[in-house]
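This report concerns only the one structure given below.
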Amino acid sequence: MKTSEILAEAHDLLDDTIQLRRRIHRHPEVGLALPRTQATVLEALDGLGLTVETGRRTTSVVARLAGARPGPTILLRADMDALPMREETGLPFASEVEGAMHACGHDAHVAMLVGAARLLARRRATLGGAVLFMFQPGEEGYHGARVMLEEGLLDGAAPPAGAFALHVTHRHAAGVVATRPGPTMASGDTIQIVVRGRGGHASAPHDCLDPVPVACEIVQAFQTLVTRRVNVFDPAVLTIARIEAGTTRNVIPETASLLGTVRTVSEATRERVLEGVRRVAEGVAAAHGAEVGIELIRGYPVTVNDADFAGFVLDTAGALLGPERAHAMSHPVMGSEDFSYVLQRVPGAMANLGTRPENGPVFPNHSNRMLVNESALATGIAMHVAVALRFLARAGAREA
Ligand code: NI
């Protein structure tokens, strides 16, 4: 594999890739139903000679490139959905859909994976094995990857032996690739709690059962739960982000409600904290004679990179981009990602691609002013291609 050739070909595709990304950026779609984005992907893949299937319960696209010789299958993934928020970037290609914005760079992910499909399709005659391109809706909380697994993404005659995904980030300079072995992103679960007391006059709390101090005590006790019951080397974040109670100064309300999130980087700590949340909330409420309703809504599992595959990705990035642009992350980040469902079944890795703008202020992913440094899209295409080619070549060498 000549890395310089891959980079040069990816650069040749940069203009087209930017145009495709901007086209998707103008028309963001949210959730599991992204018909316009799906149509754009299908059009972009047309003529490449891939076997294309679309989802039944979602607007997913699964495209398969079969090489000339038999061999393993590698899965490459791009998520396609946007966020329900108003764009304030002022870009000439800003969102034309009120209340929707590609603020997590999934438009860039789609465009890069289409570019990779083009470059890999050109090499079909030399490929031993297959490449499965996974274009998924509903990453932003809709479990889109899980739906695709339920619809048989990994169940074909030649299930993937490796899986790779890239996510753009402001945390790194444009064109840097970063990943790590083991946990790389957190689990993300939701806590909903309602404390039930008895309302009445604020001047006579003894005639009522005030849920507000009970709710406050639960919030404080959660922080003690995290610092006293969780191993500091296997951390958890527990944030109550919203408290709601009452209507005015002289009425004790009937209820107080809490809404928050739990993040962990191991399934063991995840279970320990969720169990603790229930115990602490019930215990504190019981101590004051109040009742509590607790709902724990499970989000995405911990995203765990296969150690060998993550090392292979860093090695590939070093060979392709030079060691100074291949970063081993020192720790996971506490965001969550539903590629975790794929990585539970297939050894693989998720990596970050730096897309920080060179000049001016930096706005993070999910900001209404988030910007992508589009020059890095060529690096992303080249990474997908290099990971796929090296993975298939490596497997071929092992068999020989
Ligand atoms: Ni994202």
Checklist outcome for this item: Per the list (1) free of Cβ contacts under 8 Å to residues at least 12 places away in the same chain; (2) among the acidic types (D, E); (3) open to solvent by less than 10 Å² (accessible area, probe 1.4 Å), residue check on D107 breaks on (1)
Next on the checklist: Among the residues in the range 357-377, are any surrounded by 21 or more Cβ atoms within 10 Å (Cβ to Cβ), touching a residue at least 12 places away in the same chain (Cβ under 8 Å) and closer than 23 Å to V262 by Cα?
Outcome noted: no
Checklist entry - Quick one: which of L238, L258, L296 is free of Cβ contacts under 8 Å to residues at least 60 places away in the same chain and not assigned by TED's automatic domain parsing to the domain that holds V177? => result L238
Next on the checklist: Go through (1) touching a Pro at 6+ places or on another chain (Cβ under 7 Å); (2) crowded, with 22+ Cβ neighbours inside 10 Å; (3) within 22 Å of V342 (Cα to Cα) for L154 and report which single condition fails.
Outcome noted: (2)
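Okay, residues lined up against (1) open to solvent by 10 Å² or more (accessible area, probe 1.4 Å); (2) more than 21 Å from R36 (Cα to Cα):
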{"residue": "T73", "(1), (2)": "no, yes"}
{"residue": "L127", "(1), (2)": "no, yes"}
{"residue": "M134", "(1), (2)": "no, no"}
{"residue": "H143", "(1), (2)": "yes, no"}
{"residue": "R146", "(1), (2)": "yes, yes"}
Checklist outcome for this item: When restricted to L320, L314, L353, the only residue within 16 Å of the ligand (Cβ to nearest atom), under 18 Å from V177 (Cβ atoms) and modelled with pLDDT of 95 or more is L353
Next on the checklist: Let me confirm something: among L113, L65, which residue is within 16 Å of the ligand (Cβ to nearest atom) and either assigned to a helix (DSSP H, G or I) or over 21 Å from the mean Cα position of the chain (by Cα) (or both)?
Outcome noted: L113
Next on the checklist: Every residue in the range 6-48 that is farther than 22 Å from S95 by Cβ and either outside the structural domain of T355 (by TED's automatic domain parsing) or of a type in the set (A, V, I, L, M) (or both), please.
Outcome noted: I6, L7, A8, A10, L13, L14, L45, L48
Checklist outcome for this item: Counting only residues in the range 238-256 that are farther than 17 Å from V214 by Cβ and touching a Gly at 6+ places or on another chain (Cβ under 8 Å), the one surrounded by the fewest Cβ atoms within 10 Å (Cβ to Cβ) is identified as A241
Checklist entry - Among G335, G380, which is the only one that is within 15 Å of the ligand (Cβ to nearest atom) and either free of Cβ contacts under 8 Å to residues at least 12 places away in the same chain or surrounded by 23 or more Cβ atoms within 10 Å (Cβ to Cβ) (or both)? => result G380
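For the range 152-195, please list each of the strands (runs of 3 or more DSSP E) lying entirely inside it that holds at least 3 residues being farther than 24 Å from R398 by Cβ.
Because the criterion is at least 3 residues that are farther than 24 Å from R398 by Cβ, the strands (runs of 3 or more DSSP E) in the range 152-195 that meet it are 162-173, 182-185.
The values are calculated or read from the model by the stated rules, or taken from the named source; none is laboratory data. This structure is a prediction, so every number in the text was calculated from the model and none was measured. All Cβ positions, even for glycine, are placed from backbone atoms using ideal geometry, and neighbour counts span all protein chains on display. With ligands, DNA and RNA removed, areas are computed over all heavy atoms of the protein, side chains included. Shrake-Rupley method; radii C 1.70, N 1.55, O 1.52, S 1.80 Å.
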